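Here is the structure we will look at, set down as structure tokens.
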Amino acid sequence: MDVSAYQSNHQAKLKQALERRFQLAWHGHPAVRGLFSACLRIALEHSRERRHDTL
Amino acid sequence: MTPSELIGRVPDLPSLPEVYFQVDRVLQDPDFSLQELSEVIEREPAIAARLLRLANSALYGFSGHIDTIQRAVTMIGSDEIRDLILSSAVLSAFKRMPVGAVSMRSFWEHSIACGLAARNIAALTGAANMQRYYIYGLLHDIGRLVLFLALPQRMGDLLIRHRNSEGHLVDLEHDALGFTHETVGGTLLEGWRLPRALVGVVARHHCNGEESGAGREAAVVHFADLTVNAMSMGSSGTRLVPELDERAWERVGLEVDEIPILCADTLEQFENVVAAFFD
């Protein structure tokens with residue numbers, strides 16, 4: 001698997017994990033959507049930082 | 001079984017240390033002196049040491065500049081010191097109790113994170129007395145700790161059902177017991193003679209619509225709870241983000257585009273404040 005395929009697979013997994021956490025909260029309210037987006041961005045940033053540290 | 005009877009079933013349920021009430025008594029006197037207040041706190045070295053660590057933590061941003069209790073009181077303020085003693089005392093009181101179903105460390109991490117998030121929301125929305133929100137968030141789930149201690153088997157079963165996605169833990173509690181950890185927490189804090197505002201927030205932090213009677217403080221803690229659950233900062237048992245009460249969101253007064261700031265600020269302060277509590 002090349003790097004970009006790995007990255008997009010990893011991002012999809014992070015998003016799925018977050019969606020599971022939000023499964024009973026998700027009802028389309030802008031605040032819930034805003035919270036979801038903020039958490040996803042943080043998760044992706046942390047994941048990038050961890051990869052950077054490993055390299 | 002009523003919430004009071006349930007609280008009575010917890011073996012060796014801790015009470016608040018006398019130092020909290022002594023500090024409270026000193027602060028009731030309009031002519032109290034800093035010297036007098038500091039002496040009362042210094043009689044409890046463990047609490048005094050933790051107070052200094054917290055005063056120098058990201059909670060206040062004085063990093064390393066506060067080296068005496070008297071200076072801490074001057075810089076932070078006496079009411080705030082009373083809240084810090086309360087938070088430290090409650091954490092110490094429950095620290096050594098085995099809860100089984102959840103990790104005590106994770107429980108307090110969730111509570112500390114919720115306190116930080118509530119305070120950050122208060123700051124972002126320009127709330128008066130924003131420091132008070134920290135203690136509201138810190139103690140919001142204390143009733144769940146009592147439930148785990150009083151009914152370990154039953155709560156273990158509810159946790160399994162919750163983790164199998166059968167519903168929110170708070171709803172499963174209500175179905176099984178007829179009340180929730182909110183009522184238990186409120187009853188416990190009332191029994192400890194803690195301020196009514198704090199009791200009210202703890203007793204209504206899930207809000208549950210207009211009829212709940214929850215005020216703005218409870219609404220702030222409600223959204224703080226959602227935020228730290230969404231970010232998986234510790235856990236008081238639940239693994240899912242609670243359902244947002246839309247009326248509570250309107251009372252909070254936060255803008256949607258401020259949510260990323262709230263998340264980033266809370267995350268930035270979190271590890272430092274947790275270390276101050278546990279080291």
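Brief remarks on what is shown
- Against the test of being modelled with pLDDT of 90 or more and either β-branched (Val, Ile, Thr) or within 30 Å of B:Leu159 (Cα to Cα) (or both), the options B:Ile81, B:Ile47 yield a single qualifying residue, B:Ile81.
- Checking each residue in chain A for being at pLDDT below 80 and within 12 Å of chain B (Cβ to nearest Cβ) picks out A:Trp26, A:His27.
- Qualifying residue in segment B:190-208 (condition: closer than 19 Å to B:Thr125 by Cβ, within 14 Å of chain A (Cβ to nearest Cβ) and touching an Asp or Glu at 6+ places or on another chain (Cβ under 9 Å)): yes
- Unique residue being in contact with a Lys or Arg (Cβ under 8 Å, 6 or more places away or on another chain) and within 16 Å of B:Val241 (Cα to Cα) when the list is A:Arg33, A:Arg21: A:Arg21
- Odd one out for B:Ala248 among (1) in contact with a Cys (Cβ under 8 Å, 6 or more places away or on another chain); (2) within 11 Å of chain A (Cβ to nearest Cβ); (3) farther than 29 Å from B:Asn164 by Cα: (3)
- Any chance B:Leu254 is closer than 23 Å to A:Gln23 by Cβ and not small (Gly, Ala, Ser): no
- A single entry from B:Leu52, B:Leu59, B:Leu6, B:Leu16 fulfils the requirement of being more than 24 Å from B:Ile142 (Cβ to Cβ) and out of contact with any strand residue (DSSP E or B) (no Cβ under 7 Å at 6 or more places or on another chain): B:Leu52.
- Only one of A:Ser47, A:Ser37 that is farther than 13 Å from B:Ser232 by Cβ, assigned to a helix (DSSP H, G or I), polar (S, T, N, Q) and without any contact (Cβ under 8 Å) to a residue 12 or more places away in the chain: A:Ser37
- All positions within segment B:1-29 that are part of a loop (DSSP other than H, G, I, E, B) and modelled with pLDDT of 90 or more: B:Thr2, B:Asp29
- Extreme residue, farthest from B:Leu54 (Cα to Cα), among residues of segment B:115-136 that are polar (S, T, N, Q) and at pLDDT below 95: B:Asn129
- Subset of segment B:76-129 (residues that are more than 19 Å from B:Cys263 (Cα to Cα) and of a type in the set (D, E, K, R)): B:Asp79, B:Glu80, B:Arg82, B:Asp83, B:Lys95, B:Arg96, B:Arg105
The values are calculated or read from the model by the stated rules, or taken from the named source; none is laboratory data. Keep in mind the model is a prediction, meaning the values are calculated, not measured. So basically every Cβ, Gly included, is an ideal-geometry build from the backbone, and we count neighbours across all protein chains shown.
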